[in-house]
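The values are calculated or read from the model by the stated rules, or taken from the named source; none is laboratory data. What you are looking at is a predicted structure, and each value in this text was computed from that prediction instead of being measured. All Cβ positions, glycine included, derive from the backbone under ideal geometry; neighbour counts span all protein chains shown.
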Amino acid sequence: MTDPLAAEVRRLRTVEQLSVREIRARTGLGRHRVHELLRGVPPPERTRRPRARDDLRSAAAELRIEGLSVTDIARQLGVAKSTAYQWVRHLPLDADEAVAERRRAHSALMTEARWAAHREARDAAQAAERARAAGVVGSLGERDLLLLGAAIYWCEGTKSKPWRRDDRLQFVNSDPGLLALFLRFLEVCGVGRDVPGYRVSIHETADAEAAVTWWARELDLPVERFQPASLKKHKAATVRRNVGDDYRGCLVITVPRSRDLYWRIEGMIAELFRIAGGNNGIDGS
């Protein structure tokens, strides 16, 4: 049996094209009840509110047809770049790929022109700051080398653990400068370059023999002190950037019979930590 009230509400909507507010005024029903009875009945066209951005969307399409980029459209219309893209993504900028490529090349040139002066100023400032910092260093005395060597070893060298005693020096790094500093530290401690054992640790896909030759030449090390290289297994899923002819792996420096020297480093580091923690011996003026 048809509900006469529901039929009347639907007639008011479909025939007389009344809004919900007008139907409520005519029938005395509440808003939720009217919506319930009108479920599935589309509102009349006259009651639809125009979307606030319809005009902007149309303007975006026109600008796109004129050849403007998404960035230019967003700037001109005052909307987010992502919004402008959603509005015009169905409109390619150029059907002709050659024309599109020329536009991209022109855009790249304009970007380069905008940033060239900035990069030049930044590079000049960097060079000046590095020169000023280099001037602070001066010459390195024996004490300087002892403290530097102890500090870099404590950062990069192997250390004895309570559960694994290993009181010997082994230093691993890929930076020739840091390795050269450590070798100078060893020399100050009375350990020449013909005493330690050297080993290259490198990926199996690289040229291990060439790496050994390079390290020996770069740091003036005796080739006969080099042990067979340690080869790291290559994992195909890993994206590596340390590839090419300039990849030479890490150099492992092992100092035999270095227990006493290891203890000396422990003592220097403990005193450095004590001074830093207590602010003793540091000029605070």
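Worth pointing out:
- Selection status of residue 245, assigned to a loop (DSSP other than H, G, I, E, B) and either among the aliphatic types (A, V, I, L, M) or touching a Lys or Arg at 6+ places or on another chain (Cβ under 7 Å) (or both): no
- Filter result (of a type outside the set (Lys, Arg) and surrounded by fewer than 14 Cβ atoms within 10 Å (Cβ to Cβ)) within the stretch 153-166: 155, 162, 163, 166
- Restricting the first member to the stretch 71-92 and to residues that are of a type outside the set (Phe, Trp, Tyr), and the second to residues that are surrounded by fewer than 12 Cβ atoms within 10 Å (Cβ to Cβ), the beta-carbon pairs closer than 8 Å and six or more apart or on different chains are 74/80; 91/65.
- Unique residue being hydrophobic (A, V, I, L, M, F, W, C), touching an Asp or Glu at 6+ places or on another chain (Cβ under 9 Å) and within 15 Å of residue 246 (Cα to Cα) when the list is 210, 206: 210
- The listed residue being at pLDDT below 85, of a type outside the set (Asp, Glu), more than 40 Å from the chain's Cα centre (by Cα) and farther than 30 Å from residue 111 by Cβ, out of 51, 10: 51
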